[in-house]
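If you scroll down you'll find the structure; I have some questions about it.
Values quoted throughout were computed directly from the atomic coordinates according to the rules given, and no laboratory measurement underlies them. Being a predicted model, the structure only gives us computed values, none of them experimental. For neighbour counting, all protein chains shown are included, and Cβ atoms are generated from backbone atoms with ideal geometry for every residue, glycine included.
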Amino acid sequence: MSDVRDPFARPGALTPAGAAPIVRVGDLQKFYGANHVLKGVTLEVYPRETICLIGKSGSGKSTLLRCINFLEEPTVGSIEVDGLRVGADPRHARNAEHREQIRQIRLRAQMVFQEFNLFPHLRVIENLIEAPIRVKGVPRDQAIATAEKYLDKVGLSDKRDEYPGRLSGGQKQRVAIARALTMEPKVLLFDEPTSALDPTLVGEVLNVMEELAHEGATMIVVTHEMAFAREAADRVYFIEDGTFVEVGQPDEVLGHPKDPRTREFLARTLGEAHVPA
Amino acid sequence: MAGAIGSQDALDRLRLANPAEIIRQVAESRARARRGFRILFVITWLVLVGGMATAIALTGRVHLDFLATWAPFILGGVPVTIGVSILSIVFATMFAVVGALGRLSTHAPVYAVATLYVSMVRGTPLIVQIIFVYLALPQFGIVLDPFVCGVFALAFNYGAYMTEIFRAGIQAIPRGQLEAASALAMTDRMTMQRIILPQAIRIVIPAIGNEFIAMIKDSALVSYVTIQETFWRASTTGSRYFRSFETLLVAAIIYWLLTILFSLVQERIERRLRESEVRL
């Protein structure tokens, strides 16, 4: 395993002094068959930072995120979350020891999906406490208390006993965020959390995410919401064709892009008028 | 022009019309049509069934005294029929869950066992399986109570068919559910027990209902292992007194009414599921 460092990583504004990166993605490559989706990406995230990954669809940004919690098994490279380092091992993906390590990574890095993926047969509160009780062994009362705290945080205490089918898309996604928070992870991974939402419902989800970012949650966010990246991100990584093309603070990457590919992407995403040449 | 005058009339009527009144009238006419349909349906059934009953009565071969004496005995088989069917469908469901998990397993031996089970059971007649359990197993020293034989054979057989139903139900669960469970660090077993199976069972409940209704009729086959259910009672009394026509007619009517009854129950359950707050 190589020990490459992310040249762009700097401790964020909220990072405690002297803290080491809590997430390290080391020279990660991913193939789907002959298709080379990630061509060696290195990413480091310090505690209490928010990182945004932007890029076209098919650029590899979601694959990168899904490799961090091993929903996709990377082909080459390593993932480290909160001191636990797991090397890509596609040849032994079903090996019990490897799978247990992956589970430990997932306890540390919780994901919020584009399609929410709430459990439709469980009430909101049951969605939240299922994994803490069964996976982490948290006592039921304590799990419920934690769940209620985070449900309140996303502003949905009144939906505690509803089934997901009765919620709007925005409410579902806020519940999904609360479900991830109830696991009390070290890092939150967001995979295009507002892309499946009706435009009028995007705001309520972004508000929750911005609040989390400002409170110092460690977040890695794949998004098309440039306003969110500008507002909440410590760093923005623009990825194209499986490699990072441009990395920097949001006002640099989004305001004064240097690479022509970044400019083209932003022009398409924001409309020509917003991008300085 | 007549056409122009006609459409002017229509326009005037439209202007004067009250939308609420129109909606009421439309609803009323639809309700009338529905009522009419139902009434015609019932009349047609009454005519057909009444005609059959009259035709049978006109043959003069139906001995009502005989029926009055023996119908209660045959009816006494109904609880047995229902009991056998319910027990068998419960065990069949268990076989089916295990079978489906086997059919979805990535372990070759497990998959092979489940596939062999489905293939063998579906490839041989149910009646052969029932009599095999009852008559052939004792040659190996395995002697089971007839009731156990009958229920086991029915459950084993239906379990194989329902294995494919459950497999389809499990595969119908969106991939995102699996991913969400994995992302929450659930183990495969936990994911199956707590997330996938509860949803899959909801999906296959209507299909289980169909299997249950088929089971009520196929349960007649356990008469071959001397379980005294409806058909056994009908055929035994019928052949003893040379009155098979009467007794089998009673048995047929009983099975028919039972399937109608459970179809209604099934419809109710499906409606309950549709109206449930749980949206899969």
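Defining a contact as two alpha carbons under 8 Å apart and six or more residues distant in sequence, what relative contact order in percent does chain B show?
It rounds to 23 percent for chain B.
Okay, moving on. How would you rank B:218-225, A:153-160, highest first, on the average number of other Cβ atoms within 10 Å across their residues?
Peptide ranking by packing, descending: B:218-225, A:153-160.
Right, something else. Rounded to the nearest whole Å³, what is the per residue volume of the convex hull around the Cα atoms of the protein assembly as shown?
Looking at the protein assembly as shown, the number lands at 283 Å³ per residue.
Per residue of A:112-120, count partner chain C-beta atoms within 10 Å of its C-beta, then hand back the mean as an integer.
Per residue, the number of nearby Cβ atoms from other chains is 5 on average.
With both bridge residues required to lie in chain A, what share of the DSSP beta bridges run antiparallel, to the nearest 5%?
60
State to the nearest 20 debye the size of the charge dipole of chain B about its Cα centre, where the only charges are +1 on K and R beta carbons and -1 on D and E beta carbons.
440
Turning to a different aspect of this structure: Between region B:216-236 and region A:33-107, what's the alpha-carbon centroid distance in Å?
Their Cα centres are 62 Å away from one another.
If you don't mind, another one. Pull up all non-local amide H partners of A:Val112: gap of 5 or more, or a different chain, and H-to-H distance under 5 Å with H placed in the peptide plane.
So A:Val112 has HN proximity to A:Leu189, A:Phe190, A:Asp191.
OK, next. With the convex hull built on the Cα atoms of chain A, state its orientation-averaged projected area in nm².
15.1
Return the equivalent ellipsoid semi-axes of region B:21-60 as a descending list in whole Å, where each equals the square root of 5 times an eigenvalue of the C-alpha gyration tensor.
38, 4, 4
Tell me the chymotrypsin sites (Phe, Trp or Tyr not before Pro) within region A:205-277 that lie in a loop according to DSSP and have at most 15 other beta-carbon atoms within 10 Å.
Qualifying residues, ordered by number: none.
Shifting gears a bit: Using only Cα atoms, what Kirkwood radius does region B:66-275 have, in angstroms?
In region B:66-275 this quantity evaluates to 18.9 Å.
Still on this structure, I have one more. Given contacts defined as C-alpha pairs under 8 Å and at least six residues apart, what's the relative contact order of region A:64-187, whole-number percent?
The normalised contact order for region A:64-187 reaches 27 percent.
Also, quick follow-up: In deg cm²/dmol and to the nearest 500, what is the mean residue ellipticity at 222 nm of chain B if only DSSP H runs of at least 4 residues count, each as -39500 (n - 2.57), divided by the residue total?
The helix contribution divided over chain B gives -26000 deg cm²/dmol.
How much of the calculated P(r) for region B:146-240 lies past 18 Å, in percent of all Cα pairs?
Above the 18 Å cut-off, region B:146-240 has 59 percent of its Cα pairs.
Taking a ≥ b ≥ c as the square roots of the Cα gyration tensor eigenvalues, with a/c under 1.5 meaning rounded and otherwise prolate when a/b beats b/c, else oblate, which class fits region B:1-145?
oblate
Hey, what did region B:52-145 get for relative contact order, percent, Cα under 8 Å, at least 6 apart?
11
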